[in-house]
1. Looking only at region 124-133, decide whether some residue is within 16 Å of the chain's Cα centre (by Cα), open to solvent by 40 Å² or more (accessible area, probe 1.4 Å), under 18 Å from SER10 (Cα atoms) and at pLDDT 75 or above.
2. Look at LEU93 and say whether it is closer than 29 Å to LEU219 by Cα and of a type in the set (A, V, I, L, M, F, W, C).
3. Restricting to region 137-192, and then to whatever is of a type outside the set (D, E, K, R), in a loop (DSSP other than H, G, I, E, B) and open to solvent by less than 70 Å² (accessible area, probe 1.4 Å), can you tell me which residue is modelled with the highest pLDDT?
4. Being open to solvent by 40 Å² or more (accessible area, probe 1.4 Å) and under 14 Å from the mean Cα position of the chain (by Cα) is the filter; apply it to region 104-114 and report the residue that is farthest from TRP141 (Cα to Cα).
5. Of the residues in region 1-24, how many are open to solvent by 50 Å² or more (accessible area, probe 1.4 Å), at pLDDT 90 or above and either part of a loop (DSSP other than H, G, I, E, B) or aliphatic (A, V, I, L, M) (or both)?
6. TRP101: part of a helix (DSSP H, G or I), at pLDDT 90 or above, surrounded by 17 or more Cβ atoms within 10 Å (Cβ to Cβ) and out of contact with any His (no Cβ under 8 Å at 6 or more places or on another chain), yes or no?
7. Hey, could you check region 48-87 for residues that are exposed (fewer than 11 other Cβ atoms within 10 Å of the Cβ) and within 20 Å of GLY32 (Cα to Cα) and say which is modelled with the lowest pLDDT?
Amino acid sequence: MPRSKTTHPSPSLLNLTTPVAMGYIPLGAVFGFLFIQAEGPWWLAIFASLWIYAGAAQYMMIPMLVAELSVGTIALATFIINLRHIFYGLSLLNTLPKKWWQRSYCMFALTDETYSVLTALPPEVRTQKMTLLAFLNQSWWVLGTLIGIILGAQAKLDIAGMDFVLAALFAVLAVEQWRANRDFTPIWIAIIAYLVAIFIMPSHALLLAIAISLFISILRPQTLQDTHA
């Protein structure tokens, strides 16, 4: 007699997006605050969070704008920093929503944290929740930016240590990935990739480690599909 397949209840969107919100709101607030402190226009900070929506690139914008670098230089730097997102989209290509506007938005809004949450879900649940999850996660970032703009316009605050929020968020997401998949392989890949990268190119170790990890992930594409089989 065939064994019945065990089904697990689908996690709610609130449960999925809450860890991201805990990181995105303070990080977005720090970006908005620093942007205003650097005398950038408030509307440009909101524009960046709506249409660029890339934490590292947005933080990088601040000193580049202060230095009055050209738009082309800023755009090129943003492209290089976010190049890894192309591989994110490719790995989720088969589970993207069918409607063109949903597919387009999900590819645009596929940040590191959203990708991490999505890849911990079964493929069918991933497709169903992807659009709204991506929208909610971006909403937390925009909300944080607005809070930072208001605070930056009102007072001088000490934000020392807030940059650790992103590292803490990634740690939480890594633990959630392991709890969902019970697979140490991605963690070992990341550790070894970073050790190799820091030996080859110490000044750009993180970027190189991400590239190595993504390359290895492409060589084992069955991982995402087989995890929840």
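1. Checked against the condition, which is being within 16 Å of the chain's Cα centre (by Cα), open to solvent by 40 Å² or more (accessible area, probe 1.4 Å), under 18 Å from SER10 (Cα atoms) and at pLDDT 75 or above, region 124-133 yields at least one hit.
2. Values: closer than 29 Å to LEU219 by Cα: yes; of a type in the set (A, V, I, L, M, F, W, C): yes.
So LEU93 passes the test.
3. Only one residue tops the list, namely ALA155.
4. It comes out as MET107.
5. Looking only at that region, the number is 2.
6. Details: part of a helix (DSSP H, G or I): yes; at pLDDT 90 or above: yes; surrounded by 17 or more Cβ atoms within 10 Å (Cβ to Cβ): no; out of contact with any His (no Cβ under 8 Å at 6 or more places or on another chain): yes.
When the stated conditions are applied, TRP101 does not pass them.
7. ALA67
The values are calculated or read from the model by the stated rules, or taken from the named source; none is laboratory data. Just so you know, these numbers come straight off a predicted model, no measurement behind them. Virtual Cβ from ideal backbone geometry, glycine too; neighbours counted across all protein chains shown. For accessibility, only protein heavy atoms count, side chains too; no ligands or nucleic acids. Shrake-Rupley method; radii C 1.70, N 1.55, O 1.52, S 1.80 Å.
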